[in-house]
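A.B. asks: One structure, pasted below without further comment.
The values are calculated or read from the model by the stated rules, or taken from the named source; none is laboratory data. Keep in mind it's a predicted model, so treat the numbers as computed, not measured. Cβ placement follows ideal geometry from the backbone for every residue including glycine, while neighbour counts extend to all protein chains displayed.
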Amino acid sequence: MRRTALASLLAAASLAAAPAAGAATAPTSAAATAPTRTATIAGGAKLGYRSIGSGRPIVLATGLGGAIDGWDPTFLDALAARGHRVVVFDNEGVGRSTARPGTLTIRRMGDDLAGLIDALHLGRPDVAGWSMGGMIAQSFAVRHPGRVRRLVLLATASGDGAYTAGGAQASGDLNSSTSDPAAGLALLFPAAQTAARDRYVRDLFLRKDPNPQATPEVFARQLAASGRWLAAQDPDGKRITRLRLPVLVGGGALDPLLPVANQRHLAKAIPHAELVTYADASHGFFLQHAKEFVPRLAQFLDAAPRRTA
């Protein structure tokens with residue numbers, strides 16, 4: 001994310017966040033200061049990751065064009081404060097994660113997720129995926145069902161051919177997002193939600209010199225992989241009906257990129273999946289509604305195991 005493109009938003013957010021004279025200094029964010037490490041997975045590839053907190057682990061897979069710095073540190077801190085070890089990582093070719101030859105696929109990125117879980121000895125963690133990360137999480141879960149305890153799908157879509165497309169404006173904003181961060185922000189927050197948008201921008205800069213975006217080259221490869229998934233050209237996408245684990249699906253009713261119809265379909269297609277939506281939110285619904293969503297997410301993660309007949 002180019003600092004110059006965000007200058008006006010950051011300035012406004014910083015002014016809004018400025019503490020009054022004599023106010024106590026805000027506590028340091030663990031997510032904003034966590035070091036970036038690398039894990040070596042099968043085949044010798046490396047994945048950049050960060051880990052905060054302790055307790056039962058949850059691994060978060062990020063979306064199209066995103067990088068590890070795109071996660072709001074305060075969201076990660078809030079989740080860790082609920083008693084979880086929170087692990088975030090960069091997909092192939094982003095940050096300190098190795099780029100490899102050949103066609104990039106959702107399946108390959110799902111196998112990378114499995115490799116990271118093995119490399120970090122996480123056992124059977126919970127897994128959450130946002131947008132393209134939700135596609136990665138689905139592919140991972142259907143191919144490695146014994147290596148995930150609970151699954152969380154955030155503002156994402158299935159790969160079974162039931163995809164509901166967003167509008168032309170959303171596609172234009174998506175394609176412009178690598179050069180114009182404001183276009184990407186327009187996908188995350190509805191136009192009326194300027195306070196939530198500015199808070200998110202401000203929170204990103206809790207980390208020194210954040211770089212929340214992949215390069216245009218990696219973005220193009222990820223876009224092609226996501227397109228094949230949405231067109232039902234990846235066999236894993238049709239296997240979600242076989243999932244037999246607790247699944248929480250979330251979305252924003254105003255999402256222009258992956259409309260909420262996609263999340264409603266996922267919740268119907270996956271046996272016993274739970275659905276939560278927010279009427280005034282968009283693709284970044286869980287950022288806008290973090291105060292409500294983090295407790296809802298924690299409730300799901302901490303629920304007693306579901307009895308099966």
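A.B. asks: What is the residue count in region 102-151 for residues that are touching a residue at least 40 places away in the same chain (Cβ under 8 Å), of a type in the set (Gly, Ala, Ser) and in a helix (DSSP H, G or I)?
C.D. replies: Going through region 102-151 one residue at a time, the tally reaches 8.
A.B. asks: Just need a number here: residues in region 128-166 that are over 12 Å from the mean Cα position of the chain (by Cα) and at positive phi. Reasoning before the result, please.
C.D. replies: Residues of region 128-166 over 12 Å from the mean Cα position of the chain (by Cα): 138-151, 157-166.
Imposing the further condition that a residue be at positive phi reduces the set to 161.
Qualifying residue count, region 128-166: 1.
A.B. asks: From the set of residues in region 133-158 that are hydrophobic (A, V, I, L, M, F, W, C) and within 20 Å of residue 46 (Cβ to Cβ), which is surrounded by the most Cβ atoms within 10 Å (Cβ to Cβ)?
C.D. replies: 136
A.B. asks: Moving on to the next point. Sort through 32, 12 and tell me the only one that's at pLDDT 90 or above and not acidic (Asp, Glu).
C.D. replies: Result: 32 is the single residue among 32, 12 that is at pLDDT 90 or above and not acidic (Asp, Glu).
A.B. asks: Can you give me the number of residues within region 49-101 that are buried (at least 22 other Cβ atoms within 10 Å of the Cβ), of a type in the set (Gly, Ala, Ser), out of contact with any helix residue (DSSP H, G or I) (no Cβ under 6 Å at 6 or more places or on another chain) and part of a loop (DSSP other than H, G, I, E, B)?
C.D. replies: 2
A.B. asks: Right, something else. Of the conditions (1) over 26 Å from residue 300 (Cβ atoms); (2) part of a helix (DSSP H, G or I); (3) among the small types (Gly, Ala, Ser), residue 161 clears all except one; give me its number.
C.D. replies: Among (1) over 26 Å from residue 300 (Cβ atoms); (2) part of a helix (DSSP H, G or I); (3) among the small types (Gly, Ala, Ser), residue 161 violates only (2).
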